[in-house]
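Asker: Got a structure for you, questions after.
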Amino acid sequence: MLGTYDVLIAGATVYDGTGAPGRKADVAVKGGRIAEVGQNIQATAARRIDAANLAVSPGFIDAHAHSEFGLFINPPGESQVGQGITTEIAGQCGFSPFPLSSRACRHSFFWPDPRRPEWPELDWQDAAGYFKRARSRGMGMNLVPFLGHLSARAEVVGDEDRPLLPAELRRLLQIIDDALAQGAPGLSSGVAYKPSTAADAAELTDCCRVLSRHGGVYAAHVRSYEAGALAAVKEAVEVAAAAGVPLQVSHLSVAGRANWGQGAAAFEYIAAERRRGRRITADVIPYPTQGLWWGPRIVLPSRFKYDWRQAWGPQARRIQGELQAAGAVERLARELEAHPLTDEAAELKLRPEDLWAGLHIVSAGAAGADLVGLPLEEAAARRGVTPGRLWATLLAADGEAMGTVLFSTDEADFQAAARDPGTAFCTDTIATSPDLVGASFCGIQSHPRHWGTFPRVLGLYVREQGILTLAEAIRRMTALPAATFGLTGRGVVRAGCWADLVVFDPLRVGERGTYTSAVAYPAGIEMVLVNGRIAYEAGRFTGELAGRLLTRDELSA
């Protein structure tokens, strides 16, 4: 008797997520789940897709991103879904949309302020309230919302970045316990950010012990990704081990040329700790650059009040206006020639020569059009001026049209991450759409990773460079993070599992965004299914909001 299915993907090469080689098979979908995987399935279907020259894999799982507000405001989440992401682990770096109060909300990078009148009200207080409100909005992909330690701590101390008093620690632990009891599936920390830099290992261990009673992963944005990176990773490992919880080390790479090699050392250390039986995984952003916001962040003196968390355009126009005053460009040029490093640049252990060699001009107006693509050092030599003077001159002349990226990480460190079987991939971005780039909930300037992280891995690191096999890359994008975060029934192509699927062309897949034009959907992603419904097809979004908010009880449902 012939079966009847919702979708039948016929003749594809199926990479099932386990790391096994691809095999020719059909995939049948019904009621949101994979109903059958096999050759020459004889069935009728509401939609039959000829995938003879295409690959099918589980939907990609973004191991670390920040769409907890973004997906609420813009439910389709086009920038994520368009690159094949069907599930995101959100609430990272210590920031979460709960608890939500006037004390806590100010400490989210992703707090949507100023707001637009058409955006929905943020009218909840706790985790349960957020879960209910987010579900009422619908979403284009699945979202796993972690509780942020920083957000919980800010509820207790507000702006005060200091050690907690005993009563305050008890209140923090109760807030964490409440959120986890309401269904938050994990805990993240970001002790590089105020007001949580004063949280020591003992405080973090106490918080993770609460997590251990409920079950879940501790995702750590460690204390440093620069000079102290290895020590910071060791601290996170010891905290998780003392509390008895699994650890996910967030976006693990090391910045600053003087620190290169620490990334490889960190992965060697993690591998050794795994051999001791400790449960440690990691994720990595597969780009050698910091975002476009890093140029002004590490160059502009503090008097300009540049906030890297907000959109560059309005700030650039303001700063450009200030530089029109008599003598203002000369003053800035002399400052940069004498003291080119901000405090943050110093933390990266950047030397002035590394700074100007690492910063590349990726966009410019008329004044710098002939310099696009060059390091500041080389561009300045062409003009016969110092790099600091060139920076000041271009900013005054071109304003927001001038963009730079910092090449600060070592390719060898990424190679170490690529070789590590326990390292997944992440975007570290906020789901958005082309017409919302720069909105207050995602004001950080766009980077190609917002639109093409996972296709970049498949195109550059698999097809072009051969660093990973296609089967292994897909495992690291799917089954690995699914197992890490307890997503039973996701991350593999198998009968009975949720039908989160990507249909792609392995000969074409790749990112299309660039540093000068980041907003571009990738090549080769032909179709994306979320929970059995087609969300994206041939470059178009269908309008389906088939994603689910996955609390602890629903991770395995």
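Asker: With θ set to phi - 60°, apply the Karplus curve 6.51 cos²θ - 1.76 cosθ + 1.60 along region 133-141 and write out the HN-Hα couplings as whole Hz, x wherever there is a Gly or Pro.
Answerer: 5, 5, 5, 5, 7, x, 7, x, 9
Asker: May I ask for the distance between the Cα centers of region 402-444 and region 483-520, given as a whole number of Å?
Answerer: Using only Cα atoms, the two centres lie 16 Å from each other.
Asker: Let me ask something else about it. Can you pull the three principal axis extents for the Cα set of region 146-275, in Å, largest first?
Answerer: The principal-axis extents, from largest down, are 41, 32, 21 Å.
Asker: Between beta-carbons, use under 12 Å as the cut-off and find the net charge around Met141, counting Lys and Arg +1, Asp and Glu -1.
Answerer: On the way: positive: Arg490, Arg533, Arg548; negative: Asp62, Glu78, Glu88, Asp500, Glu544.
Surrounding charge for Met141 is -2.
Asker: While we're looking at this one, here's another question. Please state the Cα pair-distance histogram of the chain with 20 angstrom bins from zero: what percent is in each bin?
Answerer: Per 20 Å bin, starting at 0, the Cα pair percentages come out as 22, 55, 22, 1, 0.
Asker: Run the helix sum for the chain: -39,500 (n - 2.57) per DSSP H stretch of 4+ residues, divided by residue count, reported at 222 nm to the nearest 500 deg cm²/dmol.
Answerer: On the way: 20 runs with 185 residues, N = 557.
Result for the chain, helices only: -9500 deg cm²/dmol.
Asker: For region 294-407, report the % of Cα-Cα distances exceeding 23 Å.
Answerer: Values: 1139 of 6441 pairs.
When every Cα pair of region 294-407 is considered, 18 percent fall beyond 23 Å.
Asker: Which whole-angstrom value gives the distance between the alpha carbon centres of region 1-59 and region 172-219?
Answerer: For region 1-59 versus region 172-219, the Cα centre distance is 41 Å.
Asker: So who's got an amide H within less than 5 Å of the one on Tyr5, skipping anything under 5 residues away but keeping other chains? H placed 1.01 Å off N, in plane.
Answerer: Thr44, Ala45, Ala46
Asker: Net charge near Leu8, counting Lys/Arg +1 and Asp/Glu -1 over other residues with Cβ under 11 Å of its Cβ?
Answerer: That works out to -1.
Asker: So what is the relative contact order of region 294-407, in percent, for Cα pairs below 8 Å that sit 6 or more residues apart? Please list the in-between numbers first.
Answerer: Numbers: 161 pairs, mean separation 39.4, N = 114.
Relative contact order for region 294-407 comes out at 35 percent.
Asker: Label-point separation (nm) for Lys234 and Ala46, each offset 7 Å from Cα along Cα-to-Cβ?
Answerer: 5.7 nm
Asker: In nm, give the distance between the simple-model label positions of Arg170 and Ala20, each being 7 Å from the Cα along the Cα-to-Cβ direction.
Answerer: Calculated label separation equals 5.5 nm.
Asker: Treating only the Cβ atoms of Lys and Arg (+1) and Asp and Glu (-1) as charged, compute the dipole magnitude of region 294-407 about its Cα centre; round to the nearest 20 debye.
Answerer: Details: 13 positive and 15 negative charges, 49 e Å.
With Lys and Arg at +1 and Asp and Glu at -1, about 240 debye.
Asker: Would you mind checking region 159-192 for residues with the amide N under 11 Å from a putative spin-label position 7 Å along Cα→C-beta of Asp126?
Answerer: Inside the label zone: 175-183.
Asker: Kindly state, to the nearest 0.05, the FRET efficiency for Ala202 paired with Val385, given R0 = 56 Å and r defined as their beta-carbon distance.
Answerer: Values: r = 52 Å, r/R0 = 0.92.
Efficiency computed from Cβ-Cβ geometry: 0.60.
Asker: For region 324-337, in order, what is each residue's ³J(HN,Hα) by Karplus, 6.51 cos²θ - 1.76 cosθ + 1.60 with θ = phi - 60°, in whole Hz (x at glycine and Pro)?
Answerer: 7, 5, 4, x, 5, 5, 4, 4, 5, 4, 5, 4, 6, 6
Asker: Using the Karplus equation 6.51 cos²θ - 1.76 cosθ + 1.60 (θ = phi - 60°), what ³J(HN,Hα) coupling, rounded to whole Hz, does each residue of region 16-32 give in order, writing x for Gly and Pro?
Answerer: 7, x, 7, x, 5, x, x, 9, 5, 6, 9, 10, 9, 10, 8, x, x
Asker: Relative contact order for the chain using alpha-carbon pairs under 8 Å, separation at least 6, rounded to a whole percent? It would help to have the intermediate numbers written out before the result.
Answerer: On the way: 1332 pairs, mean separation 119.1, N = 557.
Here the relative contact order equals 21 percent.
Asker: For labels at Glu118 and Asp435 in the simple 7 Å Cα→Cβ model, what's the distance in nm?
Answerer: Label-label distance for Glu118 and Asp435, simple model: 0.6 nm.
Asker: Something else: Taking amide H positions as placed 1.01 Å from N in the peptide plane, with prolines and chain starts having none, which residues 5 or more places from Arg508, or on another chain, fall under 5 Å of its amide H?
Answerer: Close amide H contacts, sequence-distant or interchain: none at all.
Asker: Give, rounded to the nearest 20 debye, the magnitude of the charge dipole that the chain has about its Cα centre when Lys and Arg contribute +1 at Cβ and Asp and Glu contribute -1 at Cβ.
Answerer: Details: 56 positive and 61 negative charges, 158 e Å.
Once rounded to the nearest 20, the dipole reads 760 debye.
Asker: Counting Lys and Arg as +1 and Asp and Glu as -1, what is the net charge of the other residues whose Cβ lies under 12 Å from the Cβ of Glu337?
Answerer: On the way: positive: Arg331, Arg334, Arg389; negative: Glu330, Glu335.
Overall, the nearby charge balance is +1.
FYI, it's all coordinate maths here, none of it is from the lab. Note that the structure is predicted; figures quoted are calculated from it, not measured. Ideal geometry is used to build each Cβ from the backbone, glycine not excepted, and the neighbour counts take in all protein chains shown.
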